[in-house]
Number of protein chains: 2
Amino acid sequence: MKTVVQKFGGTSVADADRIRQVADNVARTRRRGDRVVLVVSAMGKETDHLLALAKDVSSNRPGREMDMLITAGERKAVALVSMALADIGVPAASFTGSQAGFITDTNHTSAKIVEVKGDRIRSALEAGQVPVVAGSQGYSTDGDVTFLGRGGSDTTAVALAEMLGADSCELYTDVSGVFTTDPRLVPEATKIKRISFDEMLEMCATGCPKPAMRSVEYASRHGVSLHVRSAFTWEPGTWIVEEEPDMEQAVIRGITHDPSQAKVTVASLPDRPGVAGTLFRSLAERQVNVDMIVQNTSEDHKTDISFTVPHDELEATLAGVNGLLGELGASGVSASSDIARVSVIGAGMKSHPGVAAAMFETLAANEINIDMISTSTIRISCVVAEADAERAVMVLHKRFGLGQGDDAVEFGG
Amino acid sequence: MKTVVQKFGGTSVADADRIRQVADNVARTRRRGDRVVLVVSAMGKETDHLLALAKDVSSNRPGREMDMLITAGERKAVALVSMALADIGVPAASFTGSQAGFITDTNHTSAKIVEVKGDRIRSALEAGQVPVVAGSQGYSTDGDVTFLGRGGSDTTAVALAEMLGADSCELYTDVSGVFTTDPRLVPEATKIKRISFDEMLEMCATGCPKPAMRSVEYASRHGVSLHVRSAFTWEPGTWIVEEEPDMEQAVIRGITHDPSQAKVTVASLPDRPGVAGTLFRSLAERQVNVDMIVQNTSEDHKTDISFTVPHDELEATLAGVNGLLGELGASGVSASSDIARVSVIGAGMKSHPGVAAAMFETLAANEINIDMISTSTIRISCVVAEADAERAVMVLHKRFGLGQGDDAVEFGG
């Protein structure tokens with residue numbers, strides 16, 4: 001008998017009708033002979049509504065109280081899903097994160113899982129019930145209610161799958177899988193059937209919205225295969241798995257783009273050890289999440305460092321850098337918000353050296369200027385003007401033959 | 001330093017503005033030098049909305065899941081109230097029923113409190129914080145979330161007051177206290193300053209909507225004085241206390257009416273032992289809540305038994321009685337929904353034998369026919385036609401001198 005963890009996101013349980021469809025799917029899965037554990041997020045836009053309500057009530061919102069508030073959303077959802085299951089004769093029992101045994105650290109609003117006890121989940125399964133677990137929540141080592149953060153339900157599901165040694169972990173969402181690029185930009189985009197953890201992590205890190213990156217990291221670390229699929233069409237989706245030797249080796253798996261970053265350039269830094277360390281330590285202390293970092297070739301013992309940060313952290317970044325200019329010996333700092341990062345991802349590029357050249361040539365042929373470049377062994381990212389970003393995605397998607405009906409790809413040497 | 005438990009009902013925390021007013025009142029109370037423990041109900045009509053949502057999702061709503069769902073409401077409210085307190089510099093911490101140490105039985109949707117541990121509440125108080133406790137909830141001896149039922153927040157407050165040995169327990173609501181009768185019917189109705197537990201229990205049992213009867217019973221049993229007052233005007237309300245020898249001895253404390261009952265008459269029962277037992281045992285097994293019971297004088301060894309039941313239990317009642325007619329040897333059963341009970345309550349009537357006569361005479365003088373009568377030592381209830389009930393309340397209120405400007409009362413001997 002297989003054990004399947006099924007996670008349903010907010011849109012999948014947004015109203016009574018959708019909740020009943022989730023229950024029907026659980027009944028179908030059980031008829032196949034599988035044991036099911038459910039993880040459920042808050043209904044629809046409920047978390048947003050709760051956040052807005054808190055903002056309305058108080059400008060001082062302690063993390064402990066925010067977590068008490070937000071976790072009410074999943075609590076409602078698990079109770080309703082359990083009732084819908086009872087209605088069609090499937091024995092079910094809801095569990096809060098605490099009841100399910102999710103012990104976390106005390107880092108409110110984005111707590112990390114310390115341990116998953118799961119005794120009550122195992123007992124419920126043994127009693128033939130479907131445990132319905134509230135996603136993204138736990139109980140801290142201080143005995144307080146904690147929230148794992150937005151998108152944390154995916155992590156809850158992966159952690160349960162690992163704890164139970166489940167055969168698969170299905171992440172049901174409002175998209176039918178992971179695509180070669182955003183299908184809203186490129187209608188020819190195709191659904192990826194299998195993708196490795198490393199590729200998926202690069203996709204997530206560079207703009208692919210689902211699944212939550214943290215859950216992929218957790219799954220990768222613990223070897224839990226994920227199946228991202230639709231709770232609307234119920235068709236097979238995308239499997240995220242450990243890279244296998246016999247895995248279909250596409251050179252390029254997908255193209256992503258991310259317009260949420262701004263570019264900052266610190267000009268004419270003295271080219272001596274410790275300068276970059278001072279700069280980024282200072283930004284880290286201001287909780288700025290620096291993404292790409294590029295240091296240009298030094299001239300006259302002076303160098304420029306450019307990096308990207310989220311738009312809403314730009315102000316804090318500039319304040320921090322301006323305060324450091326004297327200490328750093330830099331001539332100035334400039335910033336640009338109207339940029340976007342376009343990335344090409346694929347494990348196959350490790351053995352295909354022509355990918356970078358093909359990417360740069362394609363952008364040049366379409367008169368798209370490249371502002372910054374950074375690479376990993378399985379990813380190449382270019383920062384371009386935001387106005388060019390969507391066109392860049394389209395031409396790269398075609399160049400690498402990712403669309404339906406696209407020609408096979410050839411690389412110059 | 002005094003310790004005050006303050007309970008705020010749903011209308012008192014219905015929106016962000018009201019929540020901030022509650023926080024301001026807590027700050028005022030603390031400036032007086034008192035320690036405050038808060039108990040908060042779900043916001044506004046939230047519990048109703050959750051019930052409707054459950055009905056929408058499923059026709060099978062297990063009590064365990066209903067409790068998981070409903071308790072989300074108070075959880076939201078305590079988090080928001082705690083944030084509002086933080087906003088004005090009052091240190092606060094929210095607690096679920098479980099965290100506050102409310103151990104209950106396993107009777108879901110209307111659980112009874114077994115024990116109140118309250119360690120975390122005491123610690124929070126000692127740390128100078130305001131504990132904000134979710135009303136009407138606990139944790140069952142089976143480890144499940146339980147709900148104490150509608151109006152259970154009053155009971156939570158009383159139980160906390162008893163556990164802490166609090167100096168007073170204030171029940172803030174949308175009315176400014178307990179009135180001599182419903183002020184919507186009788187504009188001259190006056191607010192009662194002090195009332196004994198026994199009188200308040202009779203008021204609750206016969207139609208006075210607030211406070212919840214259960215909380216008065218709990219307070220009476222444990223000697224916790226209650227102060228029912230308004231969270232809108234903040235004026236002093238009604239104290240519910242143990243009867244004191246020097247308590248102002250009003251003959252009549254108030255007039256209530258309750259149109260929610262239907263009257264059932266089983267006709268021509270044989271006048272022999274065991275008949276009434278059989279009848280009411282059967283109704284108890286059908287979960288019918290029988291209220292007044294009157295048995296008429298026997299004629300020819302035959303007797304009629306009349307009783308009242310809630311409107312929505314009338315169908316089950318008639319089904320039950322009809323199935324028993326043969327066994328009982330009764331000639332038939334009849335029912336009437338358009339009745340109401342009008343009651344006159346006052347501990348002083350124990351030493352004033354003329355009250356019953358005065359009540360009957362007043363109703364007769366106003367051509368209001370009495371259908372059933374039942375009495376306790378401090379209450380006289382008459383069932384009248386529903387159409388006459390409000391007029392009955394008005395004339396009795398005047399007759400017993402309860403309104404502002406009414407004459408002093410005299411009783412014929």
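The values are calculated or read from the model by the stated rules, or taken from the named source; none is laboratory data. Remember, predicted model here, so these are calculated numbers, not experimental data. Neighbour counts run over all protein chains shown; Cβ positions are idealised from the backbone, glycine included. Note: areas computed on protein heavy atoms with side chains; ligands, DNA, RNA excluded. Shrake-Rupley method; radii C 1.70, N 1.55, O 1.52, S 1.80 Å.
Remarks
- Among the listed pairs A:Lys117/A:Lys210; A:Lys191/B:Lys55; A:Lys193/A:Lys350; B:Lys55/B:Lys76; A:Lys302/A:Lys398, those whose Cα-Cα separation exceeds 30 Å are A:Lys191/B:Lys55; A:Lys302/A:Lys398.
- Checking every one of the GluC sites (Glu not before Pro) in the stretch A:285-381 against DSSP loop status and a limit of 16 other Cβ atoms within 10 Å picks out A:Glu367.
- Largest GNM mean-square fluctuation among A:Lys45, A:Lys191, A:Lys210, using chain A with Cα springs under 10 Å: A:Lys45.
- DSSP-defined beta bridges in the stretch B:3-174 - what % are antiparallel, rounded to 5: 25 percent
- For the stretch A:215-317, diffusion coefficient by Stokes-Einstein and Kirkwood Rh (Cα), 10 °C, 1.306 mPa s, µm²/s: 90 µm²/s
- The alpha-carbon atoms of the stretch B:357-400 define a convex hull whose volume equals 69 cubic angstrom per residue.
- Interatomic Cα distance distribution for the stretch A:338-412, bins of 10 angstrom, percent: 19, 56, 24, 1
- Derived scalar couplings between HN and Hα for the stretch B:273-280 equal x, x, 5, 5, x, 4, 4, 7 Hz in order, rounded to whole Hz, by the Karplus curve 6.51 cos²θ - 1.76 cosθ + 1.60 (θ = phi - 60°), x for Gly and Pro.
- Percent of beta bridges antiparallel (DSSP, the protein assembly as shown, rounded to nearest 5): 60 percent
- For B:Met372, the residues whose modelled amide H falls within less than 5 Å of its own, excluding neighbours fewer than 5 places apart on the same chain, are B:Val383.
- Mean projected area (nm²) of the alpha-carbon convex hull when the protein assembly as shown is viewed from all directions: 45.4 nm²
- For A:Val321, net neighbour charge (Lys/Arg +1, Asp/Glu -1) across residues whose Cβ lies under 15 Å away: -2
- Between the alpha-carbon centres of the stretch B:264-278 and the stretch A:106-156 there is a gap of 58 Å.
- The other copies place their A:Pro353 label points at 11.9 nm from this one, listed shortest first, where each point is 7 Å from Cα along Cα→Cβ.
- Three principal axis lengths of the stretch A:3-174 [C-alpha, angstrom, descending]: 50, 33, 22
- With 10 Å bins from 0: P(r) over chain B, alpha-carbon pairs, percent: 5, 20, 26, 25, 17, 6, 1, 0
- Length available on full extension from B:Thr375 to B:Met1: 0.36 nm per residue minus the Cα-Cα distance, which gives 130.2 nm.
- Counting only DSSP H runs of at least 4 residues, each contributing -39500 (n - 2.57), and dividing by the residue count of chain B, the helix-based mean residue ellipticity at 222 nm comes to -11000 deg cm²/dmol.
- Across the stretch A:149-165, computed HN-Hα scalar couplings (Karplus, 6.51 cos²θ - 1.76 cosθ + 1.60, θ = phi - 60°) run x, 4, x, x, 4, 4, 5, 4, 5, 5, 5, 5, 4, 5, 4, 8, x Hz from first to last residue, x flagging Gly and Pro.
- Here the Karplus curve 6.51 cos²θ - 1.76 cosθ + 1.60, taken at θ = phi - 60°, turns the phi angles of the stretch A:71-82 into couplings of 5, 4, x, 5, 4, 4, 4, 5, 5, 5, 5, 5 Hz, with x standing for Gly and Pro.
- FRET efficiency, 1/(1 + (r/R0)^6) with R0 45 Å, evaluated for A:Thr106 and B:Asp338 via beta carbons: 0.15
- 1.4 Å probe accessible area per residue over the stretch A:292-413, in Å²: 49 Å²
- The residues of the stretch B:1-81 present an accessible area of 35 Å² per residue when probed at 1.4 Å with all protein chains retained.
- Taken about its Cα centre, chain B carries a charge dipole of about 1280 debye when Lys and Arg each add +1 at the Cβ and Asp and Glu each add -1 at the Cβ.
- Amide H contacts for A:Thr106 (H built 1.01 Å from N in the peptide plane; partners 5 or more residues away or on another chain; cut-off under 5 Å): A:Thr141.
- Close amide H partners of B:Ile252, meaning residues 5 or more places away or on another chain with modelled amide H under 5 Å apart, do not exist here.
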